[in-house]
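Visitor: Before anything else, here's the structure in question.
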Amino acid sequence: MLRNYLLTAWKVFMRRKLFTAINLVCIVLTLVVLMVVTSLLETAFRPSGVEGRSERFLQIVMMRMDSHDGNSVSTTPLGYKLIEKFLKPMPGVERVAAATLPSGAAVYQGERVSEMQMRRVDADYWKILDFTLLAGRLPNAADDAAGRMIAVLNATTAQRLFPGQPAAAVGQHIDVGGQNFEVVGVVEDAMHVNAFADIWAPISTFASSDYRNELTGMFVALILAERSADLPRIQRQVEQIAKGVVQADPKKWKTTRFWADSKLDLFARMTVGGNEKLDSGAGLLLALIAAAMLLFMLLPALNLVNLNTGRIMERRVEIGVRKAFGATSSQLALQLVVENVLLCLAGGLIALAATAGLLAWLEHIQLINYMRYDLSLAVFGWGMLIATVFGLLSGVLPAWKMSRLDPVHALKGAA
Amino acid sequence: MFRHLLKLTWKRKSRNLMLSLEILLAFAIVFGVAAFAARYAQLYRMPLGFDSNDVWSVTIQAGDNGKTRFDAGVYDSLRRGLAELPEVSGIAFASFEPYAFSTYASDMRRDAKAPQVHTEMIEADDALAGVLGLNLVEGRWFSALDNGSAARPVVINRRMAEAMFPGVRAVGQQFIDGEGGKTTVAYRVVGVVDEFRAKGEFEAPVNFAFQRFEAGRHDGDIRTIVLKVKPGTARDFERRLNARLKLIRNDWAYQITPLSTGRKAMLHTRAMPLVLISVIAAFMLVMVAFGLFGALWQNTTARIPEIGLRRAIGASAAGIYRQIVLEQFMLSSIAIALGLALLVQLPLTGVFGESLNWAVFAAAAGLSMAVIYLLSLVCALYPGWRASRLSPTEALHYE
């Protein structure tokens, strides 16, 4: 039966090649946009590359302090003391790292000034994130303890500052905002929430060591769990720790809150969730994204409905014959929906190829610095799912219309 | 002629309904993008209120998270040290520079009973007006005359003066901080600038107030140095500037940026969403064009017997052509009229406030109407031509 459907579908598609082509172009255009979005989401949230372990680490980016009367609220990144005193001794986790958010820094070489994004990180940071080392070495705990003035560059930055092989940069000295650093390592470019930067240096290279005594500051904490199943427990642990923090100014700030978030939670918290409660609003965010995608499909679906309705009018003789020989309305409707879904799946395959090309181009023009897109199997799966939903969305109405055709009128050609 | 067309369209209403719905949706999307673009074009032409040429900013990163206080001596040593550089022609301090991504806003009111006026603010010293080339239209900028003044001196922009003191001369008036019940700070207006949009060309006009900063008197410090440099100062000045700053205070870090860099980053950030939605809308329009073309083609194919009959009883080829194109034109007009009736609710109810003012609405409506009419015309040309070319005999024998 399905074979017959397929054969009929093929015959119909080949009879009017121009319309099949127009149909396909419309489907492909829609699916390419949706697949690019899916692929971006995949790259951002699925554990891969440098943040390959993200399914078992959590990050704390912001802290919220409330005053006694509830009128004043302050949100700031964490201070180093808070991470060192409260989070690092936490039991039941593999390790905890501290890193600053990337901030602008100028690299001076003779008369040349290059604007770079710099992070200061501790040795644990390099053990939680899987950077690919191209040359030299990564900083370790001994460097932190000794306060050595060393820096790690990514490949693009190394190429910009010291043209040639990555190894050429190792051992060179750079002047970052008036501080002299020795380059000890070069890592591959990476674009992820916690990985993104051009230059990394140990935290102990700050000009002043005041940061050690601050509860608020400019740091984020990364917590690596032993197993991903531990994450909910750690989130509750962190919530408890936050309750126990007493700010330097307890008269002004009564409560302190911070949350250990997964990457999706973090994004959801920044966009829809807010920083008041443990629930980050990730469910709401996903629902919003799905709704936006469905809404986006509305116009293309209408478009396809119009095209398909035209096609049914052409096929009314065929439909009349089938009805006269006893096919039920639901059988006919099913057939048309199947045909439409098939066409969408075919469009989906073409769109996948086009998406791969488009992403390669986006990567080439560096729309987002260091972004590397890969079309994983998951994107393929999502793409096909989107194509099917789209096929159903645009096939149901014409099918319903078709199945209502009166066989007598259909055969006589007066719809 | 018109009634005739209307009748034909009505005859095929269920089919045309779907087509109109599609055009309506496409119209709404084009309108959205056009309104966004029109608003940006409008904002870009408005005066900015300051001159960012040859201005550099230095953000002091003292590494104390803003806890320690700088005393007047710290500011004086920075001023003296930087004035010695031959490239520097003006030095001012502010809480942050123009084109920075930071915002500080508060609700102000004239007295305890007056309505609140949402106001963006920065703190500035006595030299900022000169460095940024602010245009004072009333009163004066801060000076040593304001030392020890009980109410905090402020300079506001004209927009805020009109919102806070409608119909009254703003200079000399006072207002208070509207937040919280107990500790209110009083402000005294000493001058009015014509305009100030700190976030640059694509920012909507806001109420703005500069508060005078006096070292040691307030809760926080201002840690951004705004420098006017001589025209033609190259980027490598940054290195000498940084070395000089390190001489003054070695334990601080400094983030130095020419305002032109900040401007580029800000414009880029603001224009990015527009570029993205334009690309997506363009994709959609291409798709709609293909779809309309296909649907019209099928429509005319289905109507071949009707066209044959018209030809047989004397209609000219041009007449048929006109009929197809005009029908499509009418369909688009119905969809656009419906779309406009819905979209006009937006400026009427004012959900988007000033961003969707009538000028923007008119520009966006005109632009999107032109696009949709053009699109439906282009899509109808070929199917119409094809239908007009049919010979009556063939058409009557069709099927």
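Only the coordinates and a few stated rules stand behind these numbers; no lab work does. Here the structure is a predicted model, which means the values were calculated and not measured. Positions of Cβ are backbone-derived with ideal geometry, glycine not excepted, and every protein chain shown enters the neighbour counts.
Visitor: With unit charges on the beta carbon (Lys/Arg positive, Asp/Glu negative), name the residue among A:G110, A:G79, A:N140 whose Cα is farthest towards the positive pole of the charge dipole of the range A:62-260.
Guide: The residue sitting farthest along the positive end of the dipole is A:G79.
Visitor: Give me the percent of DSSP beta bridges within the protein assembly as shown that run antiparallel, rounded to the nearest 5. Please list the in-between numbers first.
Guide: Working: 74 of 94 bridges.
Percent antiparallel among DSSP bridges in the protein assembly as shown is about 80.
Visitor: Using only alpha carbons, build the gyration tensor for chain A and give me the equivalent ellipsoid semi-axes, biggest first, whole Å. Can you show the working numbers first?
Guide: Numbers: eigenvalues 639, 145, 52 Å².
For chain A, the semi-axes come out at 57, 27, 16 Å.
Visitor: Among B:F210, A:F162, which comes first, second and so on when ranked by fewest other beta-carbon atoms within 10 Å? Numbers along the way, then the final one.
Guide: Values: B:F210 27, A:F162 20.
Fewest-to-most Cβ neighbours within 10 Å comes out as A:F162, B:F210.
Visitor: Which value in nm describes the separation of the simple spin-label points at A:E276 and A:R404, placed 7 Å from the Cα toward the beta carbon?
Guide: 4.8
Visitor: For a quick check: sort B:Y44, A:Y80 by the number of other beta carbons within 10 angstrom, fewest at the front. Present the calculation step by step, with values, prior to reporting the outcome.
Guide: On the way: B:Y44 12, A:Y80 25.
The order, fewest Cβ neighbours first, is B:Y44, A:Y80.
Visitor: Further question on the same structure: So if R0 is 45 Å, what FRET efficiency would B:Y44 and A:R212 give, r being the distance between their Cβ atoms, rounded to the nearest 0.05? All intermediate terms of the calculation are to be shown ahead of the outcome.
Guide: Values: r = 47 Å, r/R0 = 1.05.
Here the calculated transfer efficiency is 0.45.
Visitor: Put one equal scatterer on each alpha carbon of chain B, apply the Debye formula with no solvent term, and list log10 I(q)/I(0) at q = 0.07, 0.09, 0.10 1/Å to two decimals.
Guide: Cα-only, vacuum Debye calculation for chain B: -0.53, -0.70, -0.78.
Visitor: To the nearest whole number, what is the average tally of beta carbon atoms from other chains within 10 Å of the beta carbons of peptide A:348-356? Don't skip to the end; give the middle numbers.
Guide: On the way: counts 0, 0, 0, 0, 0, 0, 0, 0, 0.
Taking all residues of A:348-356 together, the mean is 0.
Visitor: Would you mind telling me which residue in B:D236, B:D54, B:D146 has the biggest mean-square fluctuation in a Gaussian network model of chain B, where springs connect alpha carbons within a distance under 10 angstrom?
Guide: In this elastic network of chain B, the residue with the biggest mean-square fluctuation among B:D236, B:D54, B:D146 is B:D236.
Visitor: For a distance above 29 Å, tell me the whole-number percent of Cα pairs in the range B:55-230 that qualify. Spell out each step's value before the answer.
Guide: Details: 2901 of 15400 pairs.
The proportion of pairs with Cα distances above 29 Å equals 19 percent.
Visitor: Oh, and also: Per residue of B:294-304, how many C-beta atoms from partner chains lie within 10 Å of its own C-beta, taken as a mean?
Guide: Working: counts 15, 9, 2, 6, 11, 4, 0, 4, 5, 0, 0.
Neighbouring Cβ atoms belonging to other protein chains average 5 per residue here.
Visitor: To the nearest 10 degrees, how steep is helix B:237-248 against the longest Cα principal axis of chain B, on a 0 to 90 scale?
Guide: Relative to chain B, helix B:237-248 is tipped by roughly 30 degrees.
Visitor: From the helices alone, meaning DSSP H stretches of at least four residues, give me the mean residue ellipticity at 222 nm for chain A, per-run term -39500 (n - 2.57), in deg cm²/dmol to the nearest 500.
Guide: Working: 13 runs with 198 residues, N = 415.
Rounded to the nearest 500, the figure is -15500 deg cm²/dmol.
Visitor: Sticking with this structure for a sec: Per residue of chain B, what 222 nm ellipticity follows from adding -39500 (n - 2.57) for every DSSP H run with n ≥ 4, rounded to the nearest 500? Mind dumping the intermediate values first?
Guide: On the way: 12 runs with 202 residues, N = 399.
Dividing the helical sum by the residues of chain B leaves -17000 deg cm²/dmol.
Visitor: Go ahead and run the numbers for FRET between A:A44 and A:K85, Cβ-Cβ distance against an R0 of 22 Å, rounding to 0.05.
Guide: Values: r = 32 Å, r/R0 = 1.46.
About 0.10, to the nearest 0.05.
Visitor: Using a cut-off of 9 Å between beta-carbons, work out the net charge of the residues near B:L259 (Lys and Arg +1, Asp and Glu -1, B:L259 not included).
Guide: Values: positive: B:R263; negative: B:D54, B:E97.
Net charge around B:L259: -1.
Visitor: Right, another one. For helix A:377-403, what angle does its Cα long axis make with the longest principal axis of chain A, in degrees from 0 to 90 and rounded to 10?
Guide: Tilt relative to chain A: about 30 degrees.
Visitor: Springs between alpha-carbon atoms under 10 Å, Gaussian network over chain B: tell me which of B:L340, B:L247, B:L82 tops the mean-square fluctuations.
Guide: It is B:L247.
Visitor: Evaluate the distance, in nm, between pseudo-label points positioned 7 Å from the Cα of B:D76 and of B:N250 along their respective Cα→Cβ axes.
Guide: Here the modelled spin labels are 2.4 nm apart.
Visitor: Using Cβ contacts closer than 10 Å as the measure, can you line up A:D143, A:D374, A:D198 from fewest to most? Could you put the intermediate results ahead of the total?
Guide: On the way: A:D143 20, A:D374 14, A:D198 25.
Lowest count first: A:D374, A:D143, A:D198.
Visitor: Looking at the protein assembly as shown from every direction and averaging, what is the projected area of its Cα convex hull in nm²?
Guide: Working: hull surface 171.2 nm².
Result: 42.8 nm².
Visitor: Over the whole of A:297-305, what's the average partner chain Cβ count within 10 Å per residue? Rounded to a whole number, please.
Guide: Numbers: counts 0, 3, 12, 7, 1, 10, 14, 4, 6.
Mean inter-chain Cβ contacts per residue within 10 Å come to 6.
Visitor: Report for the range B:55-230 the percent antiparallel among DSSP-assigned beta bridges with both residues inside it, nearest 5. Mind showing how you got there, number by number?
Guide: Values: 27 of 38 bridges.
Just about 70 percent of them are antiparallel.
Visitor: What would the Debye equation give as log₁₀ I(q)/I(0) for the range B:1-88 at q = 0.16, 0.25 Å⁻¹, counting only Cα atoms as equal point scatterers?
Guide: Per q value, in the given order, log10 I(q)/I(0) is -0.92, -1.21.
Visitor: Further, regarding this structure: Relative to the longest principal Cα axis of chain B, at what angle does helix B:2-11 sit, 0 to 90 degrees, rounded to 10?
Guide: In chain B, helix B:2-11 runs at an angle near 90 degrees to the longest axis.
Visitor: Follow-up question, since we're still on this one. Starting from the Cα gyration tensor of the range A:62-260, take the square roots of the eigenvalues, sort them a ≥ b ≥ c, and report rounded, prolate or oblate (rounded when a/c is under 1.5, otherwise prolate if a/b is larger than b/c, else oblate).
Guide: Taking the square roots of the gyration eigenvalues as a ≥ b ≥ c, the range A:62-260 is prolate.
Visitor: Okay, next question. Using 1/(1 + (r/R0)^6) with R0 = 35 angstrom and r between the beta carbons of A:T8 and B:A337, what's the FRET efficiency to the nearest 0.05? Could you put the intermediate results ahead of the total?
Guide: Working: r = 41 Å, r/R0 = 1.19.
Efficiency computed from Cβ-Cβ geometry: 0.25.
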